[in-house]
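The values are calculated or read from the model by the stated rules, or taken from the named source; none is laboratory data. The structure displayed is predicted, hence computed values, not measured ones. Glycine also receives a Cβ, built like all others from the backbone with ideal geometry; neighbour counts cover every protein chain displayed.
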Amino acid sequence: MRILLVEDDPSLGVGLKDALSHEGFVINLVTSGSEALAAIRAEAPDILVLDLGLPDMDGLEVLTKIKQQTANIPVMVLTARSDLNDKINGLDKGADDYLAKPFEIKELAARLRVFERRLATATSSTIIIGNVKLDTASHSVTVNDELIDFSRREFMLLKSLMENAGKVLTRDALETRLYSWGEEVASNAIEVHIHHLRKKLPDHLIKTVRGIGYTVTKPGTTPRA
């Protein structure tokens, strides 16, 4: 899940980026409203996390412009403004949720997972396919009820495939789910991660669709591109 984080405080921004990355999100960090608008024009994220206290324009102005560009992006507002009228104003301008500073990273991550489930139309944090169970809240995977250890990117890759079970995901599509904007990616990175996943998972869970990408097939279904 790709998140655009707009936060002008460098230390807080980097801290949030690192913490949310460890929670399994792919983060692009920008520090101003103009950078946020440019980033969304270039490539719309799945979720926007927006601080209101920005150096070049008010965050609510940024929110209004973003909603005019791409009204369907879920927006989580982060702000030190705790007044009720500020909260109501933000929600009225299109914010989907509002978290006042200071806050706990675990609460922010939990709220972002709610957005993520809505986008995936999932009703639970648990995805089960055959004898493989993946829990997005606890970042755990069990096979035949045995807990299996995965690296962060292996977990993110398996999560993307299981969330989209029945669909074929291209290598490029998988890269966008695993790596931040501008991050250097080895040409065979996805293939290496798939190789490691297959060593830990049941045979034939992850299928290669030659010339297209990879898929996890639900029992009784045919993969679709």
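Key figures for this structure:
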| item | result |
| --- | --- |
| Pick from region 81-96, criterion surrounded by 14 or more Cβ atoms within 10 Å (Cβ to Cβ) and assigned to a helix (DSSP H, G or I), ranking: modelled with the lowest pLDDT | Asp86 |
| Which listed residue is in contact with an Asp or Glu (Cβ under 8 Å, 6 or more places away or on another chain), part of a helix (DSSP H, G or I) and crowded, with 20+ Cβ neighbours inside 10 Å, from Leu78, Leu20, Leu54, Leu16 | Leu16 |
| Cross-chain or 6+ apart pairs with Cβ under 9 Å, region 92-118 first and over 15 Å from Ile47 (Cβ atoms), then at pLDDT 90 or above and hydroxyl-bearing (Ser, Thr, Tyr) | Lys93/Thr64 |
| Where a residue in region 156-178 is touching a residue at least 60 places away in the same chain (Cβ under 8 Å) and its partner, wherever it lies, is buried (at least 17 other Cβ atoms within 10 Å of the Cβ) and among the small types (Gly, Ala, Ser), with Cβ under 9 Å and at least six apart | Met156/Gly24; Lys159/Gly24; Arg177/Ser160; Leu178/Ser160; Leu178/Ala189 |
| Subset of region 97-137 [modelled with pLDDT under 85 and either polar (S, T, N, Q) or touching a His at 6+ places or on another chain (Cβ under 9 Å) (or both)] | Thr121, Thr123, Ser124, Ser125, Thr136 |
| Residue within region 58-66 that is free of Cβ contacts under 8 Å to residues at least 60 places away in the same chain, crowded, with 18+ Cβ neighbours inside 10 Å and within 30 Å of Asp135 (Cβ to Cβ) present | no |
| Answer from Gly220, Gly182 - the residue that is more than 30 Å from Val49 (Cβ to Cβ), in a loop (DSSP other than H, G, I, E, B) and modelled with pLDDT under 90 | Gly220 |
| Qualifying residue in region 150-169 (condition: outside any helix (DSSP H, G or I) and closer than 29 Å to Ala36 by Cα) | yes |
| Any hit, region 26-37, residues being over 30 Å from Lys159 (Cα atoms), among the small types (Gly, Ala, Ser), surrounded by 21 or more Cβ atoms within 10 Å (Cβ to Cβ) and out of contact with any strand residue (DSSP E or B) (no Cβ under 6 Å at 6 or more places or on another chain) | yes |
| Some residue of region 39-46 being farther than 22 Å from Val114 by Cβ, out of contact with any Pro (no Cβ under 7 Å at 6 or more places or on another chain), surrounded by fewer than 20 Cβ atoms within 10 Å (Cβ to Cβ) and free of Cβ contacts under 8 Å to residues at least 60 places away in the same chain | yes |
| Residue check, Val49 crowded, with 21+ Cβ neighbours inside 10 Å, of a type outside the set (S, T, N, Q), in contact (Cβ under 8 Å) with a residue 24 or more places away in the chain and closer than 24 Å to Arg153 by Cα | yes |
| Single match in Leu37, Leu112, Leu108, Leu60 (criterion: part of a helix (DSSP H, G or I), under 23 Å from Leu16 (Cβ atoms) and out of contact with any Leu (no Cβ under 8 Å at 6 or more places or on another chain)) | Leu37 |
| In region 185-204, the residues that are crowded, with 19+ Cβ neighbours inside 10 Å and in a loop (DSSP other than H, G, I, E, B) | Leu201 |
